[in-house]
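**Student:** Here it is, the structure in full.
FYI, it's all coordinate maths here, none of it is from the lab. For clarity, every value in this text was computed on a predicted model and none was experimentally measured. Cβ placement follows ideal geometry from the backbone for every residue including glycine, while neighbour counts extend to all protein chains displayed.
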Amino acid sequence: MSINDQGGDAQSGSTNGMSRSDFEKEQKQNFSKELPGPYLGKVSIVRLSLLFSLLLVFSGSAYAIGYLVSENQHPPSLVDQAIKRISSGDPRSPTEILLQRAAIEAVLKATKDRWSNYFPPTTASAFDATLEGRYSGIGIWLRRTPANQLEISSVQPKSPAALAGIKVSDQLISVDGTDVSSATVADAIAALRGSPNTTVALDLRRNNSEINVKVKRAAVLTGDVLASQVAPKTLYIQVSAISLHSSDDVTTALARYPHSRGIILDLRDNPGGVLSEAVALASQFLSPGVVVSYTRKDGVPQVMSSTNASPDTAPMVVLINGATASSAEVIAGALQDRNRAVNIGDQSYGKGTVQEISSLSDGSQLEITVGQYHLPSGRAIDQVGITPDLKVSENGEIAQALSILAGLVALDSGKSNNLKK
């Protein structure tokens, strides 16, 4: 018998003289006798059980393999490994949260960028309040010097700090007897905060001399923008910091006081602040065009421009000094570059880097440098500053500004008379 004959049913459609349909009918009847009811016999149950077991084994193995692959592709960082081992070791070691904070601050220190800061959740709200123009404490801004000293970068007018005689560039040594000279800006801010009407004792250094002052804290202080009429139709606007409402406050001042004979914009001792507010403030005096630009690490340029089709056109003088910094320098530089104002005073600070604030999952914040400012002409500010059009001693700046405005008004008047002729 050939193999073909043995397997002839596949070709002839018969088995032992039975037709295919009779054979299938008999098989079905035999199977039904074995297990009455639905068409699901022992063989099917066994097969399904085996299949299900194989699926479980396979899926479990796949999960295990996937987990191992994931672990190999994304193992815990060295920092995470170290923090885990340290915090689970000596019971006297700091908590994991404190170790994470120390690690973040160490990374920022390694960048050697004195403008980058880390604000834990406990001090992040205080930092936000400062940007919003709300000074819960004594009314000062702090920064790190190139020599890594903690110094006062701005004193809000009429604040407890101003009334106590604290000045810009004073170095902060201690708060209530605790040395903060090497503390982070965030820690120093936290130390200065306290309940309203409580007193805080500060040790300061000014021109190599130590000064001890006691300051009574205030609940909430406002007023980064002060305005007044210093001469007929001449408006004086002092902006002590660029907070979230500074531009709106300047708009209010322009609407409230007649100023056809000129504006004096005082940016002395202004440490800067919110860049978008600085652009909005400058744009009130600038026609459409570039105010400032910077390039991020990814190489994408960020250009911030005025879109004001009807800016204020009154003659303008801007006052700057060695403590005018950051976004305050952006305002002075943009007005100077676009021939909108005369800058007088002293060389500005030269802080021309852009910081971006981002929140972490626990509510803490990172303030990191993302670029350098470039003014409309393309010149950089960082470590250079703004050179005034006219160098003037601080005591004579207001008088000099009024004189310049008078000259500009006379010049404009002469031009108008010539046009009429």
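**Student:** If we sort 191-200, 84-93 on the protection proxy, mean other Cβ atoms within 10 Å, highest first, what's the order?
**Tutor:** Ranked from most to least packed, the peptides come out as 191-200, 84-93.
**Student:** Provide the per-residue ³J(HN,Hα) series for the range 99-111, in order, calculated from phi with Karplus coefficients 6.51, -1.76, 1.60 and θ = phi - 60°, each as a whole number of Hz, with x at glycine and proline positions.
**Tutor:** Using θ = phi - 60°, the values come out as 5, 5, 4, 4, 5, 4, 5, 5, 5, 4, 5, 5, 6 Hz.
**Student:** Taking Cα pairs under 8 Å and at least six residues apart, what relative contact order does the range 274-421 come out at, in percent?
**Tutor:** It rounds to 23 percent for the range 274-421.
**Student:** Based on alpha-carbon centroids, what's the gap between the range 338-364 and the range 204-279 in Å, whole number please?
**Tutor:** 15 Å
**Student:** DSSP loop trypsin sites (Lys or Arg not before Pro) in the range 376-417 with at most 16 other Cβ atoms within 10 Å of their Cβ, which ones?
**Tutor:** Those satisfying the criteria are Arg379.
**Student:** What residues have an amide H closer than 5 Å to that of Gly350, excluding those fewer than 5 places away on the same chain, when H is modeled at 1.01 Å from N in the peptide plane?
**Tutor:** When sequence neighbours closer than 5 places are left aside, the close amide H contacts are Ser326, Gly385, Ile386.
**Student:** Related question: Taking θ as phi - 60°, what are the ³J(HN,Hα) couplings along the range 315-331 by the Karplus curve (6.51, -1.76, 1.60), each to the nearest whole Hz, with x for Gly and Pro?
**Tutor:** With coefficients 6.51, -1.76 and 1.60, one gets x, 9, 10, 10, 9, 9, 8, x, 9, 6, 9, 6, 5, 5, 5, 4, 4 Hz.
**Student:** Further question on the same structure: Near the amide H of Gly273, under 5 Å away, which other amide H atoms are found, from residues 5 or more places off or on another chain, if H is placed in the peptide plane?
**Tutor:** Ile242, Ser327, Ala328
**Student:** What dipole magnitude, in Debye to the nearest 20, does the range 299-421 give about its Cα centre under +1 on Lys/Arg Cβ and -1 on Asp/Glu Cβ?
**Tutor:** The calculation lands at about 740 debye.
**Student:** On to the next question. Kindly provide log₁₀ I(q)/I(0) values, in the same order as q = 0.08, 0.18, 0.20 Å⁻¹, from the Debye equation applied to equal alpha-carbon scatterers of the range 160-302.
**Tutor:** -0.34, -1.09, -1.18
**Student:** Which links in Lys167/Lys351; Lys167/Lys216; Lys158/Lys233; Lys351/Lys391; Lys84/Lys297; Lys109/Lys297 stretch past 27 Å when you go from one Cα to the other?
**Tutor:** Pairs exceeding 27 Å: Lys84/Lys297.
**Student:** Taking the mean number of other Cβ atoms within 10 Å as a proxy for protection, how do you rank 364-370, 319-325, 243-249, 272-278 from highest to lowest?
**Tutor:** 319-325, 272-278, 243-249, 364-370
**Student:** Counting Lys and Arg as +1 and Asp and Glu as -1, each charge on the Cβ, what is the dipole of the range 272-371 about the Cα centre in debye, to the nearest 20?
**Tutor:** 260 debye
**Student:** If you count, for each residue, the other Cβ atoms within 10 Å and average over each peptide, how do 293-302, 354-363 line up from highest to lowest?
**Tutor:** 354-363, 293-302
**Student:** Now, a different point. Suppose a student asked you for the relative contact order of the range 314-353, using Cα pairs under 8 Å spaced at least 6 residues apart; what percent would you report?
**Tutor:** Relative contact order, the range 314-353: 58 percent.
**Student:** Do you know the relative contact order of the range 238-339, to the nearest whole percent, from alpha carbon pairs under 8 angstrom that are 6+ apart?
**Tutor:** 36 percent
**Student:** Follow-up. Which whole-Hz couplings ³J(HN,Hα) result when phi for each residue of the range 245-262 is put into the Karplus expression 6.51 cos²θ - 1.76 cosθ + 1.60, θ = phi - 60°, listed in order with x for Gly and Pro?
**Tutor:** 10, 4, 4, 4, 5, 5, 4, 4, 5, 5, 6, 7, 10, x, 8, 5, 8, x
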